Ligand code: TYD
Ligand code: MG
């Protein structure tokens, strides 16, 4: 009786293929992530045990230990690609599962084939399974990348059972599955790419990785249409989630750790897409600032921190009278909600209104910035654009703005200043408060609130 009730309850469920949220009814838009047309019907999960106990079957007693066991530190395998090793938290951890997500065509397969080759050359037994390209196509790519001599074992296969059997027999140290959306498990009845298939395949592969001590890298495409599940659906199953980002039109790409059980999240690795694959960019600040010309109104250099590393990027703002009653706010590379907040603070605390003005904000070079420390640089770019008055070219800006218009100091001031100094900047505008590290060659100008910052730097509001 209870059994029947349970079964009736778990009849069908609807799952968002973008974020994996489940609901009991279909709707045109996912309430969890806001994506349109992404909800699909899924086979139900099996009903759990009924009643309050697990029945009469006795389980095995699990061996318990304390936290002070003296395990050796996790051995890590270094690929030799510094940008990749850093994002992984200092190399590859055995028996771990890593998800590499990104837009189609951004360069995931290229990155992983290069990584596979580097790992293999270090003596790591590596298998690369492509579910998207034929072996000949992968070989062609390897030829173009100059990797044909690397001892990577290659397979073009989508059948999960066959892949697991092969991995079991070969016992590699690293297996790369490109992509998880093409994998197909015969224990699940839905089509490859559906939420259930992707979940089942990711679950099988990660469980296998843990059991056998193999590191597994899963590639996942970020998808726009509802029928194919996105990588977010498996994020919670893996140890490390990396996203490969970048604008198609720009040559550089950022590999960003958004979750890492074995290292700092928010770490980035920067690569450049060249005719011969991805090249490491050891000094990203120089790359992001490389196209800077004369000082121009609306352009401000922000001294940011990405993970453990300082990175300088240029914010560009354009402010123009709006031809329509509804002024535009367009942002690329920064949070639009945060922009609205800074515009409101500038208007109500500093008397710098943007009503009737279109505002465009862009982070140069296709970089994405999420640090609140960029607030002050954004505000400076906006006021600079509005007043048509450029900041001196040798100045960097950083600091967080609170709703009261006060400026809050941010972490790692010294690292930011040192990076700025290294790239030839001589002045830094930053909030008061906290320690003021003295960095030789940098004149640190500390300001208490946004109104005096605007007054001091642009002479507005006076
Ligand atoms: P790819 O790795 O196939 O992307 P993904 O696996 O994320 O879908 O990369 C495809 C793009 O990279 C393609 O548009 C061409 C470009 N590319 C280069 O510019 N140089 C190269 O050496 C390679 C192999 C690819
Ligand atoms: Mg690919």
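Read-outs: derived from the displayed coordinates by stated rules, not from any lab. Keep in mind that what you see is a predicted model, and the values were worked out from it rather than measured. Glycine gets a Cβ as well: all are built from the backbone with ideal geometry, and neighbour counts include every protein chain shown.
Between rounded, prolate and oblate, where does segment 286-459 land on the alpha carbon gyration tensor, with a ≥ b ≥ c its root eigenvalues, rounded for a/c under 1.5, else prolate if a/b exceeds b/c? The shape class here is prolate.
Against the chain, whose longest principal axis comes from its Cα atoms, helix 135-144 is set at around 30 degrees.
Highest mean packing first, where packing is the average number of other Cβ atoms within 10 Å per residue, the peptides 283-292, 229-238, 444-453 line up as 229-238, 444-453, 283-292.
Can you bin the chain into rounded, prolate or oblate? Criterion: square roots of the alpha carbon gyration tensor eigenvalues sorted a ≥ b ≥ c, rounded for a/c under 1.5, prolate for a/b above b/c, oblate for the rest. Prolate shape, in that a/c is at least 1.5 and a/b is the bigger ratio. Averaging the sequence gap over all C-alpha pairs within less than 8 Å and six or more residues apart, then dividing by the number of residues, gives segment 63-170 a relative contact order of 21 percent. With both labels modelled 7 Å from their Cα along Cα-to-Cβ, the residue 33 to residue 187 distance reads 2.5 nm.
Among beta bridges from DSSP that stay inside the chain, the antiparallel ones total about 50%. Any idea how far the Cα center of segment 295-327 sits from the one of segment 363-411, in Å? For segment 295-327 versus segment 363-411, the Cα centre distance is 7 Å.
In this simple spin-label approximation, residue 322 and residue 414 carry label points 7 Å from Cα along the Cα→Cβ vector, and these lie 4.6 nm apart.
DSSP beta bridges fully contained in segment 82-282 are about 40 percent antiparallel. Taking the DSSP bridge list for segment 286-459 and keeping only pairs wholly inside it, about 55 percent are antiparallel.
Going by average Cβ density within 10 Å per residue, which order do the peptides 255-265, 314-324 take, highest to lowest? Please list the in-between numbers first.
On the way: 255-265: 18.2, 314-324: 16.5.
Top of the packing list down: 255-265, 314-324.
Mean residue ellipticity at 222 nm from the helices of the chain, using -39,500 (n - 2.57) per DSSP H segment of n ≥ 4 over the full residue count, to the nearest 500 deg cm²/dmol?
On the way: 11 runs with 119 residues, N = 462.
Rounded to the nearest 500, it is -8000 deg cm²/dmol.
Relative to the dominant Cα principal axis of the chain, helix 336-350 is inclined by about 20°. Peptides 411-419, 243-251 ranked from most to least packed, by the mean per-residue count of other Cβ atoms within 10 Å: 411-419, 243-251. As a calculated quantity, the FRET efficiency between residue 388 and residue 344 at R0 = 25 Å, using C-beta atoms, amounts to about 0.70.
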